[in-house]
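Each remark here refers to the structure printed beneath this line.
The values are calculated or read from the model by the stated rules, or taken from the named source; none is laboratory data. Values in this document were obtained by computation on a predicted structure and should not be read as measured data. Neighbour counts are summed over all protein chains in view; Cβ atoms, including those assigned to glycine, are modelled from backbone coordinates with ideal geometry. Areas reflect the complete protein model, heavy atoms only, side chains present, ligands, DNA and RNA absent. Shrake-Rupley method; radii C 1.70, N 1.55, O 1.52, S 1.80 Å.
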Amino acid sequence: MPTGCSDTYPRLIGDIGGTHARFAVIDSPGSPPTRFRTLCCDDHAGLLEAVQAYLLLERGLAGPRVAAFGIANPVEGDRVRMTNHDWSFSIEQLRIELGLARLVVLNDFTALALSLPRLQAGERRQIGGGNECAGRPVALIGPGTGLGVSGLVRCGNGYAPLEGEGGHVTLAASTPREAELIAVLAARFDHVSAERALSGPGLIALHDAIRQLAGAPPLALEADEISARAMAASCPWCAEALQVFCGMLGSVAGDLALTLGAFGGVYIGGGIVPKLGDFFDRSDFRRRFEQKGRFSEYLARIPCYVILAEYPALLGAATALDNALAGETGT
Ligand SMILES: Nc1ncnc2c1ncn2[C@@H]1O[C@H](COP(=O)(O)OP(=O)(O)OP(=O)(O)O)[C@@H](O)[C@H]1O
């Protein structure tokens, strides 16, 4: 349905992950997003109910006219089914139920990629060396509930975001120890994808595997407990799990940089790495990123950045909405 620009405010934007649904509103043209809120997906039966809960919490907000949601799954056609959660819905039915003139739904990491050119100084921290080359491809990877992957490639005067499922590439071992750990994971999963180790559930799986190989009894810890114990150096199994996690992430990020020729930089987002602070900076991440034999010098020139912005994917959803509406109005 064509939508004139003047009647498209307020705009609702959302970032829907396997654990958290984050929302905000843009009240008028050119104004920054406000009314940020993070809801737990498990507290709501579906996306419709989560949006309704957000709108109820934001009493006094005029009903949004249009919306864009980045969501953690491939988006192909009208039916959306989340990979790491049980929510599923029809985009068109959700649009009608929310009374929206337009609803844009895109992959959450595609949305996050769209936000990268809008990051301010201070919203990213460089890990290791390398210099960014303007106009060259940009790579994006982020462990959270799953492992999101995307990128940006130059297109005309702007950038086009990539829509793939790179978190599900096959995980390769770079050391004998990693081969042992992957063998333990292979006994549990049909396919040991990168996401099986490089995500919150993946960190738990690595910790379980390390304890199993050590003959230690199972210990159910959440991913944030594992990283807290690792950073406090209070548990050797947790410390190894987080070290292996950072090293493997370096290898997979290096593979992505090679695949894209990502001289525009490799960005690391998601809900885990930005919380690891110094531990990540001191980890094997950058060494493993560059450890690609004859291509080590090539990778040494590519900078890596941890995204520090609090709600970057929401900005990307706002950009996707701008683009969709501009396409309809020809602006
Ligand atoms: N400090 C931490 N250390 C390790 N893992 C953490 C930490 N904080 C959160 N996690 C894990 O990160 C995951 C949540 O990540 P995030 O906040 O990116 O969620 P999400 O946006 O819902 O995920 P996704 O977009 O990947 O579906 C959970 O698995 C959680 O256990």
Next item on the list: For R124, R22, give the ranking by accessible area with the largest first, probe 1.4 Å.
Entry: R124, R22
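Classify segment 124-308 from the C-alpha gyration tensor, please: rounded if a/c falls under 1.5, else prolate or oblate depending on whether a/b exceeds b/c.
Prolate, since a/c reaches 1.5 and a/b exceeds b/c.
Counting only DSSP beta bridges with both residues in the chain, tell me the antiparallel percent, nearest 5.
Numbers: 29 of 47 bridges.
Antiparallel: roughly 60 percent of the beta bridges in the chain.
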Next item on the list: Can you tell me the 0 to 90 degree angle between the C-alpha axis of helix 312-329 and the longest principal axis of the chain, rounded to 10?
Entry: 40 degrees
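Under a 1.4 Å probe, what is the accessible area of segment 124-308 per residue, stated in Å²?
Here the residues of segment 124-308 average 44 Å² of exposed surface.
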Item checked: Candidates per trypsin sites (Lys or Arg not before Pro) in segment 25-80, loop by DSSP, up to 12 other Cβ within 10 Å -> R59
Note to self: Per-residue counts of other Cβ atoms within 10 Å, averaged by peptide: what ranking do you get for 306-316, 155-165, highest first?
What the structure shows: 306-316, 155-165
Check: What does the helix-only formula give at 222 nm for the chain: each DSSP H stretch with n ≥ 4 adding -39500 (n - 2.57), the total divided by the residues, and the result rounded to the nearest 500 deg cm²/dmol?
Finding: -11000 deg cm²/dmol
Check: Local charge sum around R188 (other residues, Cβ-Cβ under 10 Å, Lys/Arg +1, Asp/Glu -1)?
Finding: -1
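For the peptides 293-299, 126-132, what is the packing order when you average, over each peptide's residues, the other Cβ atoms within 10 Å and list the highest mean first?
Top to bottom by mean Cβ count within 10 Å: 126-132, 293-299.
Expressed as a rounded percentage, what relative contact order does segment 124-308 have, with Cα pairs under 8 Å and six or more residues apart?
33 percent
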Note to self: I want to verify a result. In a Gaussian network model of the chain, Cα cutoff 10 Å, which of these has the top mean-square fluctuation: D78, D281, D255?
What the structure shows: D78
Item checked: Of all accessible heavy-atom area on segment 124-308, the percent that carbon and sulfur account for (1.4 Å) -> 53 percent
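What are the GluC sites (Glu not before Pro) within segment 69-121 that DSSP puts in a loop, where the Cβ has at most 15 other Cβ atoms within 10 Å?
E76
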